[in-house]
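Let me begin by presenting the structure, written as structure tokens, before commenting on it.
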Amino acid sequence: MSTPLGEVLDGRRTAEFHQAARALLKEPLLLAHGPYAEEFRLVRRHAGDLRDWFDRNTGWPLRVDAEAARLGRTPGTLADASHPAGEASRSRAPFTRRRYVLLCLALAALERGEAQVALGRLAEQVVLDAADPHLVAAGIEFTLERRAERLDLAAVVRLLMRYGVLRRVAGDEEAYVAGAGDVLYDVQRRVLAGLLAARRGPSMITAGGFEERLAELTAESALDSDELRFRAVRQRLTRRLLDDPVLYYAELSDEELAYLTRQRAFITARITELTGLVAEVRAEGIAMVDPQDDLTDVRMPEQGTHGHVTLLLAEHLAASSGAVSRAELEDRVRELALEHGGFWSKSAKQSGAEGELVEQALAKLLALGLVSAAPGGIVPLPALARYAVGETVVRQPGIPAPRTSQRKA
């Protein structure tokens, strides 16, 4: 029997809605032209329903126009430093402090500038703004006299091109870095205007310290009723379940834990309906698992030397009973190199490489919520237990395994 046309259309619409929502979670800024043009068209087609869902469940605003779709996504917790801006290259090297400052100065200059800008002209304005006494007092220096400084500015410009703020018209950044040419860009002003995801304008922030200013930038308005307070708690929990690899109960306030205990099934079901993520509930917390394995920027396990080292160190940490020092982890890498070095890259087997290998492995484990850094060393978290390896049991063919009592976490 053939399926009724209405059911087919409803199924297609639901699939498109899910695809559009997942696209926004992967790329909160989608452009009408570029690699995500098809996803942008889906978001624009379902903009009303998407806007309602995100506003009700996360508090994230969604702005869609003819050029871009921008989900004003803010992190579930401000303490997470595992999602830095990175170079628009295969290395995705995280931005340094100076590059972050240059990014802000470049955005300010572009906001005041014309519809087209040359890289040399933009650099001149950034140099002038970098001479601000407050930046100088903070140790920021930018004069364009060194090649490293021009490389930093080129990295900032490439990131803005990736975001769609700038569109190259002529020239090449490498030529500018070498001092042999300039680059001309079109400035996409509507994309630029929607780039900042904040609840309050930066000019309205009066706090002095960095943490205080960041808290004010993302602070929600005062809530004067139980209904609004419960809605704010639900939105915070939903943001964390969408953003964080693992939501540990121990990290929640008493109010959040009580609400999640009562409403866990409702909150996770809403997320599953939107994204297809599946709730994995354990005694210590919740992880929203993606069967399609593409809603993450950090994967484990992963191929290559660094992926292998990370997996082996995860196994080592999962078997530990407490904090493990970095020195101990480096010693462990040296031992692993003797056993597995035949499968590793040549550079990873060189003397002194263990420090970098441990650093990269820990960065991934921290980003995935599998370990935490403490004064006494690296502390394994409950979710790391899935990488623990039990004792090997050899059974004879035809002989069943002995029955053991099992308890679900």
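Express the C-alpha Rg of the chain as a ratio against the empirical globular expectation 2.2 N^0.38 Å, rounded to two decimals.
Working it through for the chain, the quotient is 1.14.
Evaluate the relative contact order of region 1-95 (contact order divided by residue number), counting alpha-carbon pairs under 8 angstrom at least 6 apart; express in whole percent.
Once divided by the residue count of region 1-95, the mean separation gives 21 percent.
For region 97-193, what is the charge dipole size about the Cα centre, in debye to the nearest 20, if Lys and Arg each add +1 at the Cβ and Asp and Glu each add -1 at the Cβ? Each step should come with its number before you reach the end.
On the way: 14 positive and 14 negative charges, 78 e Å.
It works out to roughly 380 debye.
Report the relative contact order of region 97-193, percent, no decimals, based on alpha-carbon pairs under 8 angstrom and at least 6 residues apart.
Reported relative contact order: 34 percent.
Using a cut-off of 9 Å between beta-carbons, work out the net charge of the residues near Ala337 (Lys and Arg +1, Asp and Glu -1, Ala337 not included). Kindly include the intermediate steps, with their values, before the conclusion.
On the way: positive: Arg334, Lys349; negative: Glu335, Glu339, Glu354.
Spelling it out: positives minus negatives among the neighbours equals -1.
Choose one of Val169, Val127, Thr143: the residue whose Cα lies farthest towards the positive end of the charge dipole of region 97-193 (beta-carbon charges +1 Lys, Arg; -1 Asp, Glu; about the Cα centre).
Val169
I'd like the Karplus ³J(HN,Hα) series for region 29-35: coefficients 6.51, -1.76, 1.60, θ = phi - 60°, whole numbers in Hz, and an x wherever there's a Gly or Pro.
Values per residue, Gly and Pro as x: 10, 10, 9, 5, 10, x, x Hz.
How high is the relative contact order of the chain? Use alpha-carbon pairs under 8 Å, at least six apart in sequence, and give a whole percent. Display every interim value, and only then the final one.
Numbers: 460 pairs, mean separation 49.5, N = 409.
Computed value for the chain: 12 percent relative contact order.
In whole angstrom, how far apart do the alpha carbon centroids of region 222-268 and region 316-356 sit?
About 39 Å separates the Cα centre of region 222-268 from the one of region 316-356.
May I ask for the Rg/Rh ratio of region 5-71, computed from Cα atoms with Rh as the Kirkwood radius, given to two decimals?
Values: Rg = 11.8 Å, Rh = 12.0 Å.
We get a ratio of 0.98 for region 5-71.
Can you compute the charge dipole magnitude of the chain about its Cα centre, using +1 on each Lys and Arg Cβ and -1 on each Asp and Glu Cβ, nothing else charged? Give it in debye, rounded to the nearest 20.
Values: 53 positive and 58 negative charges, 159 e Å.
Approximately 760 debye in magnitude.
Filter the chain for me: DSSP H helices, axial length by Cα at least 18 angstrom, mean Kyte-Doolittle hydropathy not below 0.0. List them by residue number.
Working: long enough: 5-26 (32 Å, -0.30); 97-112 (23 Å, 0.52); 147-163 (24 Å, 0.27); 226-243 (25 Å, -0.98); 254-275 (28 Å, -0.30); 304-318 (21 Å, 0.51); 326-340 (20 Å, -1.00); 354-367 (20 Å, 0.46).
Span-like helices here: 97-112, 147-163, 304-318, 354-367.
Tally Lys and Arg at +1 and Asp and Glu at -1 over the other residues with C-beta under 14 Å from the C-beta of Pro75: what net charge comes out?
On the way: positive: Arg73, Arg199, Arg236, Arg239, Arg240; negative: Asp80, Glu211, Glu220, Asp243, Asp244, Glu251, Asp297.
Cβ neighbours under 14 Å give a net charge of -2.
For region 94-153, state which GluC sites (Glu not before Pro) are in a DSSP loop and have at most 11 other beta carbons lying within 10 Å of their beta carbon.
Those satisfying the criteria are Glu114, Glu145.
With the cut-off at 1.5 for a/c, could you classify region 1-124 from its C-alpha gyration tensor as rounded, prolate or oblate?
Judged from the Cα gyration tensor, region 1-124 comes out prolate (a/c at least 1.5, a/b above b/c).
Using the Cα centre of region 261-379 as the reference point, and only Cβ charges (+1 on K/R, -1 on D/E), how large is the resulting charge dipole? Debye, rounded to the nearest 20.
Rounded to the nearest 20 debye, it is 260 debye.
Which of rounded, prolate, oblate describes region 97-193, given a ≥ b ≥ c as roots of the alpha-carbon gyration tensor eigenvalues and a/c under 1.5 marking rounded, otherwise prolate only if a/b is larger than b/c?
Oblate, since a/c reaches 1.5 and b/c is not below a/b.
Please name whichever of Gly209, Tyr259, Ile378 sits farthest to the positive end of the charge dipole of the chain, dipole taken about the Cα centre and charges placed at Cβ: Lys and Arg +1, Asp and Glu -1.
After comparing all options, I get Tyr259.
Divide by every residue of the chain the summed helix terms, -39500 (n - 2.57) for each DSSP H run of at least 4, and state the resulting mean residue ellipticity at 222 nm, rounded to the nearest 500 deg cm²/dmol.
Rounded to the nearest 500, it is -15000 deg cm²/dmol.
Which is farthest toward the positive dipole end of the chain among Thr96, Val298, Ala108, measuring Cα position about the Cα centre, with Cβ charges +1 (Lys, Arg) and -1 (Asp, Glu)?
In the chain, that residue is Val298.
Going by amide H atoms built from the backbone, whose H comes under 5 Å of the H on Gly285, apart from near neighbours?
Tyr249
No lab work stands behind these numbers, since they all come straight from the coordinates. Predicted model, so just to flag it, every value in this text is computed and none were measured. Every residue, glycine among them, receives a Cβ derived from its backbone with ideal geometry; neighbour counts consider all protein chains shown.
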